[in-house]
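Let me begin by presenting the structure, written as structure tokens, before commenting on it.
The values are calculated or read from the model by the stated rules, or taken from the named source; none is laboratory data. Small disclaimer: the values here were computed from a predicted structure and weren't measured. Heads up, the Cβs are rebuilt from the backbone with ideal geometry, glycines too, and the neighbour counts pull from every protein chain shown. In case anyone asks, the SASA skips ligands and DNA or RNA and just uses the protein heavy atoms, side chains included. Shrake-Rupley method; radii C 1.70, N 1.55, O 1.52, S 1.80 Å.
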Amino acid sequence: MAVKTFTDNTSLPASDINTYLNNGGLVWISDTNLTSGSSVNINNVFSSTYRDYRVVTSFVRSTAGTAYTYLRLGGSATDHQMSGEYSTWNSATRTGDNGLDGYCMISAEGANSFSCDILAPQLAQRTFYNSLGGNNDYTGRFNVKVNNNTQFTGFTLLVSVGAFTSGKVSVYGYRIS
């Protein structure tokens, strides 16, 4: 879409306003509050309305020590197998981690935050995603390939140790102009 230049003291038709409001950018889809428990299912957020998605989360984990925060497309560990690589601030890069359970981030006790771009989860093709985030102890980047051609409509977010005590997960769609 071409960029339009508006000038002062001219009329602005509703059609121009609607065109520019409806093209480009991120569109909010849902928010889910994390209040307790080690996992949360977020269903029916991926559809044909958008091709690619962004998940943004901030949360507090209850138990001391390092844990993994998983983002599993489809919800269960049996829905897919994955391969990927990750690097963190205080460890070497790892590659070829086949059969992963949905890596997304390393988490620590206390506050954690990450964002995750998920590419075409609702299409019957390979899905890729990458995430970036951290906490007081770690920062990390994860790149993941889902090793099947499943169409997904949602995901589960879970921690391997402890539980969520508070936080929020927001899902956005990337609008195609």
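Residue-level check: of (1) open to solvent by less than 70 Å² (accessible area, probe 1.4 Å); (2) modelled with pLDDT of 90 or more, Arg51 misses just (1).
Close Cβ contacts (under 8 Å, 6 or more residues apart or on different chains) running from residues in segment 113-139 that are closer than 21 Å to Leu34 by Cα to residues that are modelled with pLDDT of 85 or more and part of a loop (DSSP other than H, G, I, E, B) comprise Ile118/Phe46; Ile118/Thr127.
Residues of segment 114-169 that are touching a strand residue (DSSP E or B) at 6+ places or on another chain (Cβ under 6 Å), in a loop (DSSP other than H, G, I, E, B) and of a type in the set (Gly, Ala, Ser): Gly154, Ser160, Gly162. Of all residues in segment 148-171, those being surrounded by fewer than 19 Cβ atoms within 10 Å (Cβ to Cβ), closer than 10 Å to Phe59 by Cα and at pLDDT 90 or above number 2. For Asn44, the criteria (1) open to solvent by 30 Å² or more (accessible area, probe 1.4 Å); (2) at pLDDT 85 or above; (3) in contact with a strand residue (DSSP E or B) (Cβ under 6 Å, 6 or more places away or on another chain) hold in every case but one, which is (3).
Tally up the residues in segment 54-69 that are at pLDDT 75 or above and open to solvent by 40 Å² or more (accessible area, probe 1.4 Å), please.
Start the filter on segment 54-69 by keeping residues that are at pLDDT 75 or above, which leaves 54-63, 69.
From what is left, the residues that are open to solvent by 40 Å² or more (accessible area, probe 1.4 Å) are 54, 56, 58, 60, 62-63.
Here the count works out to 6.
Tell me, which residue of segment 104-140 that is charged (D, E, K, R) and modelled with pLDDT under 75 is surrounded by the most Cβ atoms within 10 Å (Cβ to Cβ)? Reasoning before the result, please.
Applying the first criterion (charged (D, E, K, R)) to segment 104-140 yields 109, 117, 126, 137.
Those still in the list that are modelled with pLDDT under 75 too: 109, 137.
Details: Glu109: 18, Asp137: 16.
The extreme case among them is Glu109.
Take the conditions (1) at pLDDT below 75; (2) open to solvent by 90 Å² or more (accessible area, probe 1.4 Å); (3) not in a loop (DSSP other than H, G, I, E, B); Thr5 misses just one of them, which is (3).
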